[in-house]
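The values are calculated or read from the model by the stated rules, or taken from the named source; none is laboratory data. Since this is a predicted model, take the numbers as computed values, not measurements. Cβ coordinates were reconstructed from backbone atoms using ideal geometry, including for glycine residues, and neighbour counts include every protein chain displayed. Each accessible area value is taken on the protein alone, full model and side chains, heavy atoms only, with ligands, DNA and RNA left out. Shrake-Rupley method; radii C 1.70, N 1.55, O 1.52, S 1.80 Å.
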Amino acid sequence: MARNSNIKVSSLDFDGIKNNLKDYLKSQNTFKDYNFEGSSLSILLDLLAYNTHYTGFYNNMVANEMFLDSAVKRGSIVSLAKQLGYQPGSSTCARSEIDIVLSSPSSSSIIPRGTKFTATLGGVSYQFVNLKTYTVESGADVTSSDTPHITGVVIYEGALMSQTFINDDSAPDQAFILPQRNVDKTTIEIRVQKSTADTEGYSDEWKEAVDITTIDGSSKTFRVSENPDGKYQIRFGDGVLGKKLDHGNVVTVEYMITTGPNANGIGASDSSSNRVFSSSSSAISEVRVVSFAQGGSFKEQMDSIRFNAPMFFASQNRAVTAADYKAILQKEFPSIASLNVYGGETSTPPQYGRVLIAVKPNTGTRITSNTRKEIESLVLNSKGVVAIDAKVIDPTYLYIKMKSIIEVDTDATVLSTDEVVTLIKNRLISYANEDLERFERGLRSSHISEIINGVDQGVLGNRTSVEMEYRLEPNIGTNSTYQISLSNAISHPHEGHMPVIRSSEFTYLDSASITRNGILEDDGYSSMVLKRKNASGLFEKDTDIGSVDYKNGIISLDRINFSGTGLFPEVRISIEPEQQDIISTGNVILILDERDGSTLDITAYSSPGGRFVGVSPEQTTTKTRTSITGDITPDVSGGLGGGGISSY
């Protein structure tokens, strides 16, 4: 008689299952003295345990695929996102705006849809096409080759494809599947004609269904979705939500396939002496870049779908809260690398009744004018709240510079001081790439010290200071006013303190329209001063040129006429912050420019056994900053210096 008829089911691993089966059989009178290890029954137990283990593993994996957080197959994640009303983003074409000079222009000249343009990046040739037909603008001078004849032409990277399908009513739940996976679904255009022999209806416009509240049984709409194979399928209405196709209707689908982000940046080097784009069309003489290629992206990744789908569901496809705006825009514009949305009342100066949308693209530092218009149109026309204006703004890039002196116990490490410096620089660059360069990602001085001290066991401590740099792109040749909002307080220990704001050297026109070399500095009393270089190479005061709000971190420049930017493509303004923790709010993004050799000024000195605590053996004096008076600046090449952080 069986002593125990129950099998333990608490274990799912192979050995646990086999031992539970043994224990169960041993509890039976028939097998109580049986040698399970030395008999052929052991093979049967292995098979049973393997089968049970395999079934348990399979059921566990199936259960994982039922939930968005644990699913690992893209098809499962896409299907679960659809249940939340979220359609994952497809690949998107890089887009560029160009102006065209025609070879033999006339008032009736056109650039037909599908005209091909080519450009090369990194030795690879890319094809672009226009998806609209463009005509010569009314009033354009067709006798001149100096000005473009057709302007504002938007071209898309990739190949224009076409597929034709015939509707078959006998096929259940018919879907028309596009054969490629790298489709930009935003470029899909559909035409439907009555039959192969009758073109009736071909010119009618069909639109993608985005809002079922605006659709009835006669609406000419279609739906695009990703199927489990990663391809895109097109479905039409059922006669209730969208017009139903008739048997034998011919469906023509045109769309772009793309290489995604590979072509981003094409056109950035375009100039009158070096045109980037060319065309095989004999009608086109010259192609001028208005905005370089931007916005290309691969299909939305699984982690992004997991993150965005619940946010989109919470927004209910309407833009009310900041989170709503972010969810909708990240879905519609996958080329956005980082996004911040905030009320205009918090900006400087306040903009009441307006939502500010700060956007950083995947490529470059600013989005194109076309993308800006698309975002504002989407929010204002279909998603936003009535009477609330939306404005897309560019990021304010605040460049971070670090100066650090490292004490290294060379008895505790096999690395030289130079090797330690290289490791520290690489670690700081990795930190900036991973944790900075996005909105609302601040820099904490304590974290910088931890990174430096954790590079190697031989690092005993560091003295690190942080400086901010703003790069002003001036309007050359015109008197202009500038307001720079840093979102960080500027150092101001007391009235009359020596300058904590100083620019790189540039050229400007003075009040007598004479070109001079100059710099900008603060005077320690809340004024910005324009200083000109004199015959001795020193900089002396020319005039007060604006003001500085140290507490709120705002620099104002009043009607200055820049004529050149000097050594750099912009005027670089160094600012000593009040705190060593640098915050990122509003439209401010912190950047560590690794291409600038002065960004990381790292030095290390040998301290065998830690005997030179906190000071290198070469240091004999400690320099402190003092207040100065007068209008002469003797030297601007040594930076601002200042305070910092120490960690030992």
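Distances between placed amide hydrogens fall under 5 Å for S338 paired with K360, all partners being 5 or more residues away or on another chain. With helices as the sole contributors, the chain gives -5500 deg cm²/dmol at 222 nm; each DSSP H run of n ≥ 4 counts as -39500 (n - 2.57), and the sum is divided by every residue. Just to be sure I understand the curve: with the Debye formula and one point per C-alpha of the stretch 106-223, what is log10 I(q)/I(0) at q = 0.11, 0.18 Å⁻¹? Values returned for q = 0.11, 0.18 Å⁻¹ are -0.60, -1.15.
Straight-line cross-link reach from K401 at under 16 Å between alpha-carbon atoms covers these lysines, not counting any fewer than eight positions away in the same chain: K425.
Each residue of the stretch 281-292 was assigned a 3J(HN,Hα) from its phi angle through the Karplus expression (A = 6.51, B = -1.76, C = 1.60, θ = phi - 60°), giving 6, 5, 6, 9, 8, 8, 10, 10, 7, 8, 9, 5 Hz with x at Gly and Pro. Relative contact order for the chain: 12 percent, from Cα pairs under 8 Å spaced at least 6 residues apart, divided by residue count.
Send over a whole-number figure in Å² for the accessible area per residue of the chain, probe 1.4 Å. Per residue, the chain has an accessible area of 51 Å². Counting only Cα atoms, the chain measures 105, 86, 49 Å along its principal axes, largest extent leading. Taking all Cα pairs closer than 8 Å and separated by 6 or more residues, the relative contact order of the stretch 205-265 comes to 26 percent. Summary of packing: across the peptides 445-456, 291-302, the per-residue average of other C-beta atoms within 10 Å ranks them, highest first, as 291-302, 445-456.
Whole-Hz Karplus values for the stretch 345-353 come out as 5, 8, 7, 10, x, x, 10, 6, x Hz, taken residue by residue from phi with 6.51 cos²θ - 1.76 cosθ + 1.60 and θ = phi - 60°; glycine and proline positions read x. Our coupling estimate for the stretch 104-112, obtained by passing each phi through the Karplus curve with A = 6.51, B = -1.76, C = 1.60 and θ = phi - 60°, is 10, x, 8, 5, 9, 5, 9, 10, x Hz, Gly and Pro reported as x. Would you give the gap between the C-alpha center of the stretch 283-335 and the C-alpha center of the stretch 141-175, rounded to a whole Å? With the stretch 283-335 and the stretch 141-175 each reduced to a Cα centre, they are spaced 21 Å. Per atom type, the chain shows carbon and sulfur on 50% of its accessible surface, probed at 1.4 Å. Rg over Rh for the stretch 271-394 works out to 1.07, using Cα positions for both radii and the Kirkwood form for Rh.
Distance between the C-alpha centers of the stretch 448-497 and the stretch 195-247? Whole Å please. Their Cα centres are 55 Å away from one another. A straight Cα-to-Cα reach below 29 Å connects K244 with the lysines K82, K132, K185, K194, K207, K220, K231, K331, K383, residues fewer than 8 places away in its own chain not being considered.
Taking the average, over residues, of other Cβ atoms within 10 Å as the packing measure, peptides 128-135, 328-335 rank 328-335, 128-135 from highest down. Computed about the Cα centre, the dipole magnitude for the chain is approximately 1200 debye when only Lys and Arg (+1) and Asp and Glu (-1) carry charge, each at its Cβ.
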